[in-house]
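A quick write-up on the structure given underneath.
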Amino acid sequence: MAELEAPAAPSAPSDGSTAISGRLPDFVARPPTGPYRRLNPTTKLVIAFAEALVAFGVRGWTGPLVVLGVILAGAVTARIGRALLPYLLATIPLVASILLINTFLYPGATDRIVTVGPLAPTWTGLVAATQATLRVVAFAMSVALLGLTTQPDHLIADLERRGAGRRVMFVVGATLRMIPRMIERAGEITEAQRARALDTEGRVWRRARGVVPLAGPLVFGALTDVEELTMALEARGFTAPTRRTVLRVFPDSGWERGARWALFLGSIVVLILSIAGRLEFLP
Amino acid sequence: MTIAFEGVRYGYAGARQPALDGIDLVLHSGSVLGVVGANESGKSTLCLVAAGLAPATIAGRLDGTVTIDGLSTAGARPYELAQRCGVLFQNPVTQLSGTASTVWEEVAFAPRNLGLALDDVVDRVELALADLGIGGLAARDPQRLSGGQAQLVALAGVIALRPPYLVLDEPTSQLDPRGTNLVSDILAGLVEATGAGILIVEHKTDLLARMANRIAVLETGRVVAEGPGKEVLADPRLEDWGISPPSGIRIARAAAAAGVSVPEVAA
């Protein structure tokens, strides 16, 4: 039996190249291309984190508008403007509820825009609703920018190389890849239930009734899978006390590392200043 | 160099009857031990116990000893056993890690877990894919394979570990005849080239007739017959135990019943 040793984590090249074994097939290496995509995956994660922090942490218009501007610049650089649209549309239900509730039911606001019977939208409510909407949109776009420019396994590989726990990274990776599989399985179970004359279409209440026999097999099937997967992982040496072999090492130049730390610490400082009321001068 | 079962009794937590009861078996390096039996006879449990996964990952009680080259599975950690005994489960889909984007990375999962040098990982993956004739699947998403393809990928993932013993629970259950023959040839080649010992659970007795040196028959957790493959497969009690004999033997018996003389084809 080979003795297990813990090799040192490979260091990232600082010349901007992606350090991968020349023997890795292209479809495994998949080096990212384009100015924004080529950033280190962890840098893009920190950018998304800082964007979310500033969008929600800095009160008023400044926080969300600055973040949206940064995201727009990133999206243009990465050439993913149109790809952001579905993410924008996905925020509509939440945004609509924020707008309606704040505009019509803002507590204590008396500056009515108009009065129509019992409805009395207020300017204060409308401003608060718009700001909240911008924050939600900024957050969604920051996640979308990260997701559209970073392959999940690249991010996981980079975090793992930095020493993130193998188990945590596995859970993150497996969860990301399990979602489409669960959707597929739900479809298969629905088809099977339909074949046995269960009505899963038509009016809302009929569809709701159809969810019950779907949920059981889906949940219990997933739990059974987890048990078998656990055994399979053990059988494949997952709990070995060694550092996993790294397939790809992404570029991480000195200036990028510095900028990442500056961004991370800067966004926290901005948040603290905002909470302490030192940024009240901002619009 | 063996996997040895001595007086093995295994009961799952909460179960009244043991799944295995008084098992004494030996798998030698460089040989193939076939295991047959009806459903619920304890075949899959035997695989889990042989690989040390039961009771390590499934609640249950193990009496007796299972040793892999002298190392008791009871005291060993699963990752230590993984390097000595590779195991392939019945359902290949749950054997896949669920984290790999490509088949290539899926096969590399276990060697990477052991922290092997990258060149060694690449060698093992390329060889395992080539051996099983699935190099063409290397770039595919492992979640989008047919059952047979997933089974071959799962097997490649086990072979890439290069353990001295393999425990295979119905490795051809989702394969067509061509795929079954391919796996049979690969395993036979592996035994010859590396001296690996293989414990294989199969319902396809034709496959076992071709590759198993010895065969054990399980019934309700007990070994009711064990011996050289040809002898066990020719045992007239086989069908009583819920096992269909190889086609050669069935044809010979049908011919004999009809009074037709045929040459020896069972072998």
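The values are calculated or read from the model by the stated rules, or taken from the named source; none is laboratory data. Treat the numbers as computed from the prediction; the structure is a model and nothing was measured. Virtual Cβ from ideal backbone geometry, glycine too; neighbours counted across all protein chains shown.
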Quiz item: Within region A:66-74, is even one residue without any contact (Cβ under 8 Å) to a residue 40 or more places away in the chain, hydrophobic (A, V, I, L, M, F, W, C) and touching a helix residue (DSSP H, G or I) at 6+ places or on another chain (Cβ under 7 Å)?
Solution: yes
Quiz item: A:G237 fails exactly one of the following numbered conditions: (1) at pLDDT 90 or above; (2) on the phi > 0 side of the Ramachandran plot; (3) among the small types (G, A, S). What is the number of that condition?
Solution: (1)
Quiz item: Restricting the first residue to region B:125-140 and requiring it to be touching a residue at least 40 places away in the same chain (Cβ under 8 Å), which pairs with a second residue that is assigned to a helix (DSSP H, G or I) and of a type in the set (G, A, S) meet a Cβ separation below 9 Å and a spacing of at least six or different chains?
Solution: B:D131/B:A156; B:D131/B:G189; B:L132/B:A156
Quiz item: With region B:1-110 as the region, which strands (runs of 3 or more DSSP E) entirely inside it contain at least 3 residues that are within 9 Å of chain A (Cβ to nearest Cβ) and of a type in the set (A, V, I, L, M, F, W, C)?
Solution: B:85-88
Practice problem: Give B:L71, B:L81, B:L25, B:L62 a once-over and let me know the one that is in contact with a Pro (Cβ under 6 Å, 6 or more places away or on another chain) and not acidic (D, E). | Solution: B:L62
Practice problem: Can you confirm whether region A:236-252 contains a residue that is more than 14 Å from chain B (Cβ to nearest Cβ) and out of contact with any helix residue (DSSP H, G or I) (no Cβ under 8 Å at 6 or more places or on another chain)? | Solution: yes
Quiz item: Do you know which residues across region B:153-173 are assigned to a loop (DSSP other than H, G, I, E, B) and either in contact with a Phe, Trp or Tyr (Cβ under 6 Å, 6 or more places away or on another chain) or small (G, A, S) (or both)?
Solution: B:A160, B:S173
Quiz item: Name the residues in region B:120-142 that are buried (at least 19 other Cβ atoms within 10 Å of the Cβ), within 10 Å of chain A (Cβ to nearest Cβ) and assigned to a helix (DSSP H, G or I), would you?
Solution: B:V121, B:V122, B:V125, B:P142
Practice problem: For region B:143-152, indicate whether the set of residues that are part of a helix (DSSP H, G or I) and facing chain A (nearest Cβ under 7 Å) is non-empty. | Solution: yes
